[in-house]
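**Q** A single structure is presented below for examination.
The values are calculated or read from the model by the stated rules, or taken from the named source; none is laboratory data. Given the structure is predicted, the values throughout are model-derived calculations rather than measurements. All Cβ positions, even for glycine, are placed from backbone atoms using ideal geometry, and neighbour counts span all protein chains on display. The accessibility values were calculated without ligands, DNA or RNA, using every heavy atom of the protein model including side chains. Shrake-Rupley method; radii C 1.70, N 1.55, O 1.52, S 1.80 Å.
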Amino acid sequence: MTDETVSAGRTVADERLSDRFDLTRVGLYAALVGLTIFYLIPVQSGFVTSIKTSEALINTQPFAPPGPDGATVEKWAFAFDALSRGLVNSLVFTVPATILCAVLGSMAAYGLTLVDWRGQVAVFVLFIAGIFIPYQSVVIPLTQFWSQYAMLDHRLGLVLSSHQATLLELIITHTAYGIPICTMLFRSQYKTMSWEMIEAARLDGASVSRIYRRIVLPLSIPMFAVVFIFQFTQIWNEFLFSLTLIGSVNDPAASTTLILSGLGEALEGVDYPLRMAGALITALPTLIVYLLFADKFAEGVRV
Amino acid sequence: MAQTTLDNITKVFTEDDGNEIVAVDGVSIDIDDGEFLVLVGPSGCGKSTTLRMIAGLESISSGDIRLGDRVINDVPAKNRDIAMVFQSYALYPHMTVRENMSFGLEESTDMADDEIARRVEETAEMMGIADLLDRKPGELSGGQQQRVALGRAIVRDPSVFLMDEPLSNLDAKLRAEMRTELQRLQEELDTTTVYVTHDQTEAMTMGDRVAILDDGRLQQVGTPLECYHRPANRFVAGFVGEPSMNFVETTLRDEPGGAVLEADSFDYPIADEIAAELPESSNPVLGIRPEDIEISEGAPSGEHEIAATIDVIEPMGDENIVYLQFGDDSSVRGKSIIATIDGMRRFESGQTVTVHVPESAIHLFDGASGEALHNRRLDAADSQVPRL
């Protein structure tokens, strides 16, 4: 008797509990689905637009897929042709600049955080200040610096062609601008590292540079993933330096963002399918980088 | 292998606002080759800073540290031939135990790889961690990490071991085990060891000698029993021993029958030879260890017997810790006097008893400076005289 009553009571309680539980879950999933749709609609609309012929574009809703006769890959092929030169150029300056930012940023953070010397706070303040310098304010001095003082195409004329010199300028500029934020990201991780561990390594006989190579560097691999993704996306998508340092879409050093800005623009109107195809092609490399480093990234942002 | 000498070393930290903090103030200790020296004191007493100066992790403001005849003040940490065990173990988390232990030999010697591997395995065998060599620190328990940290120091075969509270992160049972094991290891290796702790049990049981620091100053260096029975001052007397020594402030008074120490609630006559050690008309502090106080039922009859009321009794099993108030009026509250008595004896809280403070066991300290004026007699107290 008693047993039954107790078990009956428990069932009722369980049901009530699971009811409430289900409601929160339903709410949660509804919100998730809503958000997914919200974020994917522009991408989906962009994609369906990119495979539409000009007629299908006029006759269908932006997010509706084209019929079988309204679909074409022609715009993708055209966009890829137009952008391929820019994609190569962008890769040529983005990859080295990203790696340099990460490596130099990590070294600077190590020197400013885990090595003890006088005046390091003042130097770190300079690094922090670097983060807050707006791009717009340096565009003119920067162009002058490269064209009137550095003159890489002139000085390195024997080794580099003029468009290679431009790419080198972009590598150096992006590296210089990326170092402060990278330093700060690495520093936030290094501050959590055990000071006793560094001292143990010192007593074990390791020099400052050996401690970096054998202890600090291996422990900062997750943070490198964070910085790689972040910096790659930043530099890849950057437009202002490309516009001022490269100047023209027709320049052989033109970056993909620069070419994309003019893609599909003509006197007779804007070619939306072509622009969409170009935008999606340009976005692909950042997506690939994210997928490559996703595991380590998740580990790194947890720090 | 040589004597390590701390000669009047001082460490002054300058704060950002220009304030100077003296962390270590003129500490001089000679550490013999192969000796186990324990630096002990309350937190903030400068013991860790002293250790870090020996290690070369902290610069020395003034004074010298010598290894043999060589002054090592300006020798960088890595060239001092010193290995340190940290409180947090400070293992390299991305390396296996084997790599952790090899690291020091790889960095500080040009030993061949197979020689390093042989030494690491030998040491791991000795420390009982041979089966953990390929694991990473994160997969080990606290006790195992502790062994790896010790093994990492031992494998380097340094001339001095420095240990900064290495057992404080272990649970009580493991700590007691490791205490014995560390002593055994140190005897086997016969390497000079400087061991920092705030735990006076560790200090008493582990060290050949104990150096007691307070507020940056060295209070006393001596064997544990010396510090226990012949404390140099009131601080040492109160720091060493658990429960700590009782102190009663008194005034010295000459009476026709002899000298008397007058306290708030009792008079304590002292022998002429003890009185001779005291400066005239002084205010000495009477010190007596809890275990030297005898408690009996009945009214006081003898010379050094005082009436007291039992306040609280803490039974520990083997002994009872008794908190007493002098006087037979339990409503008068003063500073408690602590006594330890045999665990089998039964007393009630609130009971009026007689406390016997044997004259042979008393210590007297200068009321102002705290310097010891008189220490207990050892011959009379017990027939087995501890060897100092």
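**Q** Of the residues B:156, B:179, B:135, B:152, which is within 13 Å of chain A (Cβ to nearest Cβ) and touching a Ser or Thr at 6+ places or on another chain (Cβ under 8 Å)? Steps first, answer last, please.
**A** Numbers: B:179 fails: within 13 Å of chain A (Cβ to nearest Cβ); B:135 fails: within 13 Å of chain A (Cβ to nearest Cβ); B:152 fails: touching a Ser or Thr at 6+ places or on another chain (Cβ under 8 Å).
Every option except B:156 fails the conditions.
**Q** Let me ask something additional. For the stretch B:149-178, which positions are assigned to a helix (DSSP H, G or I) and more than 20 Å from the chain's Cα centre (by Cα)? Spell out the reasoning first.
**A** Kept after step one, since they are assigned to a helix (DSSP H, G or I), are these residues of the stretch B:149-178: B:149-154, B:172-178.
Answer for the stretch B:149-178, where residues must be assigned to a helix (DSSP H, G or I) and more than 20 Å from the chain's Cα centre (by Cα): B:149, B:150, B:151, B:152, B:153, B:154.
**Q** Scanning for something over 26 Å from residue B:370 (Cα atoms) and open to solvent by 30 Å² or more (accessible area, probe 1.4 Å), does the stretch B:261-276 turn up at least one residue? Spell out how you get there, then give the answer.
**A** Restricting attention to the stretch B:261-276, the residues satisfying the condition of being over 26 Å from residue B:370 (Cα atoms) are none.
Within the stretch B:261-276 (the criterion being over 26 Å from residue B:370 (Cα atoms) and open to solvent by 30 Å² or more (accessible area, probe 1.4 Å)), the answer is no, since none of the residues qualifies.
**Q** I've got another one for you. Of the conditions (1) among the polar types (S, T, N, Q); (2) in contact (Cβ under 8 Å) with a residue 60 or more places away in the chain; (3) open to solvent by less than 20 Å² (accessible area, probe 1.4 Å), residue B:100 clears all except one; give me its number.
**A** (2)
**Q** Test each condition in (1) open to solvent by 20 Å² or more (accessible area, probe 1.4 Å); (2) within 13 Å of another protein chain (Cβ to nearest Cβ); (3) not acidic (Asp, Glu) for residue A:234 and report the one that comes out false.
**A** Result: residue A:234 passes all but (2).
**Q** Scan (1) away from chain A (no Cβ under 14 Å); (2) within 23 Å of residue B:78 (Cα to Cα); (3) at pLDDT below 95 for the single condition residue B:108 breaks and write down its number.
**A** Checking residue B:108 against (1) away from chain A (no Cβ under 14 Å); (2) within 23 Å of residue B:78 (Cα to Cα); (3) at pLDDT below 95, the one that fails is (1).
**Q** Does residue B:205 satisfy the condition of being touching a helix residue (DSSP H, G or I) at 6+ places or on another chain (Cβ under 8 Å), free of Cβ contacts under 8 Å to residues at least 60 places away in the same chain and at negative phi?
**A** Numbers: touching a helix residue (DSSP H, G or I) at 6+ places or on another chain (Cβ under 8 Å): yes; free of Cβ contacts under 8 Å to residues at least 60 places away in the same chain: yes; at negative phi: yes.
Criteria met by residue B:205.
**Q** Within the stretch B:272-314, how many residues turn out to be within 30 Å of the chain's Cα centre (by Cα) and of a type in the set (Asp, Glu)?
**A** Of the residues in the stretch B:272-314, 6 are within 30 Å of the chain's Cα centre (by Cα) and of a type in the set (Asp, Glu).
**Q** Find the helices (runs of 4 or more DSSP H) located wholly in the stretch A:163-282 whose residues include 3 or more that are at pLDDT 90 or above and farther than 30 Å from residue A:42 by Cβ, and list them. If you could, list the steps in order and put the result at the bottom.
**A** Values: elements: A:195-203, A:208-211, A:221-237, A:256-262.
Qualifying helices (runs of 4 or more DSSP H): A:195-203, A:208-211, A:221-237.
**Q** Can you pull out the residues in the stretch A:90-118 that are more than 30 Å from residue A:201 (Cα to Cα) and either outside any helix (DSSP H, G or I) or open to solvent by less than 10 Å² (accessible area, probe 1.4 Å) (or both)?
**A** Taking the stretch A:90-118 and keeping what is more than 30 Å from residue A:201 (Cα to Cα), we get A:90-97.
The answer is A:90, A:93, A:94, A:97.
**Q** Pick from B:336, B:369, B:360: which is farther than 17 Å from residue B:284 by Cβ and either outside the structural domain of residue B:252 (by TED's automatic domain parsing) or open to solvent by 20 Å² or more (accessible area, probe 1.4 Å) (or both)?
**A** On the way: B:369 fails: farther than 17 Å from residue B:284 by Cβ; B:360 fails: farther than 17 Å from residue B:284 by Cβ.
Going through B:336, B:369, B:360 in turn, just one is farther than 17 Å from residue B:284 by Cβ and either outside the structural domain of residue B:252 (by TED's automatic domain parsing) or open to solvent by 20 Å² or more (accessible area, probe 1.4 Å) (or both): B:336.
**Q** Then there is this: Out of (1) surrounded by fewer than 17 Cβ atoms within 10 Å (Cβ to Cβ); (2) more than 14 Å from chain B (Cβ to nearest Cβ), the odd one out for residue A:183 is which?
**A** The number of the failed condition is (1).
**Q** Still on this model: Looking at this structure, is residue B:306 farther than 13 Å from residue B:365 by Cβ, surrounded by 19 or more Cβ atoms within 10 Å (Cβ to Cβ), in contact (Cβ under 8 Å) with a residue 24 or more places away in the chain and in contact with an Asp or Glu (Cβ under 7 Å, 6 or more places away or on another chain)?
**A** Numbers: farther than 13 Å from residue B:365 by Cβ: yes; surrounded by 19 or more Cβ atoms within 10 Å (Cβ to Cβ): yes; in contact (Cβ under 8 Å) with a residue 24 or more places away in the chain: yes; in contact with an Asp or Glu (Cβ under 7 Å, 6 or more places away or on another chain): no.
The answer is no for residue B:306.
**Q** Restricting the first residue to the stretch B:69-97 and requiring it to be facing another protein chain (nearest Cβ under 7 Å) and open to solvent by less than 60 Å² (accessible area, probe 1.4 Å), which pairs with a second residue that is of a type in the set (Lys, Arg) and part of a loop (DSSP other than H, G, I, E, B) meet a Cβ separation below 7 Å and a spacing of at least six or different chains?
**A** Listed pairs, sorted by first residue: B:83/B:156.
**Q** Continuing with the same structure: Restricting to the stretch B:201-217, count the residues that are outside any helix (DSSP H, G or I) and under 21 Å from residue B:161 (Cβ atoms).
**A** Within the stretch B:201-217, the first condition is being outside any helix (DSSP H, G or I), and the residues that meet it are B:207-217.
Narrowing the set further to residues that are under 21 Å from residue B:161 (Cβ atoms) leaves B:207-213.
Going through the stretch B:201-217 one residue at a time, the tally reaches 7.
**Q** Looking at this structure, is residue B:122 open to solvent by 60 Å² or more (accessible area, probe 1.4 Å), under 23 Å from residue A:208 (Cα atoms) and assigned by TED's automatic domain parsing to the domain that holds residue B:203? Outline the logic, then answer.
**A** Values: open to solvent by 60 Å² or more (accessible area, probe 1.4 Å): yes; under 23 Å from residue A:208 (Cα atoms): no; assigned by TED's automatic domain parsing to the domain that holds residue B:203: yes.
No; evaluated as a whole, the condition is false for this residue.
**Q** Just to be sure before I move on: is residue B:173 touching a His at 6+ places or on another chain (Cβ under 9 Å) and assigned by TED's automatic domain parsing to the domain that holds residue B:227 in the structure I sent? First the steps, then the outcome.
**A** Working: touching a His at 6+ places or on another chain (Cβ under 9 Å): no; assigned by TED's automatic domain parsing to the domain that holds residue B:227: yes.
Spelling it out, it is not the case that residue B:173 is touching a His at 6+ places or on another chain (Cβ under 9 Å) and assigned by TED's automatic domain parsing to the domain that holds residue B:227.
**Q** What number of residues within the stretch A:196-213 are surrounded by fewer than 17 Cβ atoms within 10 Å (Cβ to Cβ) and at the interface with chain B (Cβ under 9 Å from one of its Cβ atoms)? Show your work before the answer.
**A** Taking the stretch A:196-213 first, the residues surrounded by fewer than 17 Cβ atoms within 10 Å (Cβ to Cβ) are A:207-209, A:213.
Now narrow it down to the ones that are at the interface with chain B (Cβ under 9 Å from one of its Cβ atoms): A:207.
Of the residues in the stretch A:196-213, 1 are surrounded by fewer than 17 Cβ atoms within 10 Å (Cβ to Cβ) and at the interface with chain B (Cβ under 9 Å from one of its Cβ atoms).
**Q** Now for a separate question. Just checking, which of B:61, B:43, B:48, B:141 is more than 10 Å from chain A (Cβ to nearest Cβ), open to solvent by 30 Å² or more (accessible area, probe 1.4 Å) and in contact with a Ser or Thr (Cβ under 6 Å, 6 or more places away or on another chain)? Before the answer, list the steps.
**A** Numbers: B:43 fails: in contact with a Ser or Thr (Cβ under 6 Å, 6 or more places away or on another chain); B:48 fails: in contact with a Ser or Thr (Cβ under 6 Å, 6 or more places away or on another chain); B:141 fails: in contact with a Ser or Thr (Cβ under 6 Å, 6 or more places away or on another chain).
Going through B:61, B:43, B:48, B:141 in turn, just one is more than 10 Å from chain A (Cβ to nearest Cβ), open to solvent by 30 Å² or more (accessible area, probe 1.4 Å) and in contact with a Ser or Thr (Cβ under 6 Å, 6 or more places away or on another chain): B:61.
**Q** Which strands (runs of 3 or more DSSP E) sit wholly inside the stretch B:4-119 and have at least 2 residues that are acidic (Asp, Glu) and under 21 Å from residue B:161 (Cβ atoms)? So that I can check it myself, show each step before the final result.
**A** Numbers: elements: B:4-14, B:20-31, B:36-40, B:62-67, B:82-85.
Correct list: empty, since no element meets the threshold.
**Q** I would also like to ask the following. Restrict the check to the stretch B:179-200 and report whether at least one residue is part of a helix (DSSP H, G or I), closer than 30 Å to residue B:366 by Cα, without any contact (Cβ under 8 Å) to a residue 40 or more places away in the chain and open to solvent by 10 Å² or more (accessible area, probe 1.4 Å).
**A** Of the stretch B:179-200, the ones part of a helix (DSSP H, G or I) are B:179-189, B:200.
Imposing the further condition that a residue be closer than 30 Å to residue B:366 by Cα reduces the set to B:200.
Next, from what is left, pick out any that are without any contact (Cβ under 8 Å) to a residue 40 or more places away in the chain: none.
Among the residues of the stretch B:179-200, not one is part of a helix (DSSP H, G or I), closer than 30 Å to residue B:366 by Cα, without any contact (Cβ under 8 Å) to a residue 40 or more places away in the chain and open to solvent by 10 Å² or more (accessible area, probe 1.4 Å), which makes the answer no.
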